[in-house]
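One structure below.
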Amino acid sequence: MPRPHRYAGGFGIIEFAVAIIILGMVFLFALRGTTLIAPLRSYVVAQQINQYRSAVLQYQADLMHLPGDDSVAPDRWGRPPALFSMLGSTISSAGNGKIDGLLDDSANASGEQYMAWRDLRLGGYVEGDKNLVGQSARPENTYGGVFGFAADNFGVEQVLCLTKVPGTDAALLDKRLDDGSISAGRLQGTSRWDPVDAHNHFEKADTAAYDPEKTYIICLPYLP
């Protein structure tokens, strides 16, 4: 005679218990995976930051100029000169030992802060399209923002900045690369966003701690 099923159309108690345990393990591993995303992502971004900083230092060591501020670059690379429009005049500050310009400045597409990326690419120090100009020359970052140079931000001079950084990642990057404080040390940040009127240039960093619900601009010096 055929043996009767324990349950006419479903799992037995043991199978049901095993299924619950497996689902629980999958859930725990998935949850743990989400907690690991930000640390891993911030590690990768920190490496990118250091690579860009190293590229600037190598350019300076090889060519005796900073990228963007390189007064010889128009002849060396065949690119247009880095110029700024001020008070109706066009001026050049090339050769003064600084990468001048604001983080976001659509009116000065040939500014040093954007030409710096072109020089790094033309010299083979950074990968990317050598013909990109203005704000579009800035490399995208993992967070949907960009890497960008600026003469200063938050009172810190000669900086490399990242935009649209989630608060959790910003805090992790600050701990990896500096002191973990949003308004102290070499790396500082803000959750403010004003690319048109303020050009995303701010006198001081935020005083409140990094908020996981906000996104940030963070900046740190590209020189030691």
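Brief remarks on what is shown
- Any hit, the stretch 203-217, residues being under 15 Å from the mean Cα position of the chain (by Cα), closer than 20 Å to Val56 by Cα, buried (at least 21 other Cβ atoms within 10 Å of the Cβ) and among the hydrophobic types (A, V, I, L, M, F, W, C): no
- Matching entry among Leu187, Leu223 (being touching a residue at least 12 places away in the same chain (Cβ under 8 Å), out of contact with any helix residue (DSSP H, G or I) (no Cβ under 6 Å at 6 or more places or on another chain) and among the aliphatic types (A, V, I, L, M)): Leu223
- Among the candidates Leu172, Leu132, Leu160, residue that is within 16 Å of the chain's Cα centre (by Cα), outside any strand (DSSP E or B) and at pLDDT 95 or above: Leu172
- Count of the stretch 135-151 residues which are assigned to a strand (DSSP E or B), in contact with a Lys or Arg (Cβ under 9 Å, 6 or more places away or on another chain) and not aliphatic (A, V, I, L, M): 3
- Any hit, the stretch 56-65, residues being at pLDDT 95 or above and within 19 Å of Asn200 (Cβ to Cβ): no
- Residues in the stretch 45-103 that are under 23 Å from Lys164 (Cβ atoms), out of contact with any Ser or Thr (no Cβ under 9 Å at 6 or more places or on another chain) and not small (Gly, Ala, Ser): Gln47, Ile49, Asn50, Gln51, Tyr52, Arg53, Val56, Ile99, Leu102.
- Output for the stretch 151-199, where each listed residue is among the aromatic types (Phe, Trp, Tyr) and surrounded by 18 or more Cβ atoms within 10 Å (Cβ to Cβ): Phe154
The values are calculated or read from the model by the stated rules, or taken from the named source; none is laboratory data. Note that the coordinates shown come from a computational prediction; the quantities given were computed from them, not determined experimentally. Glycine also receives a Cβ, built like all others from the backbone with ideal geometry; neighbour counts cover every protein chain displayed.
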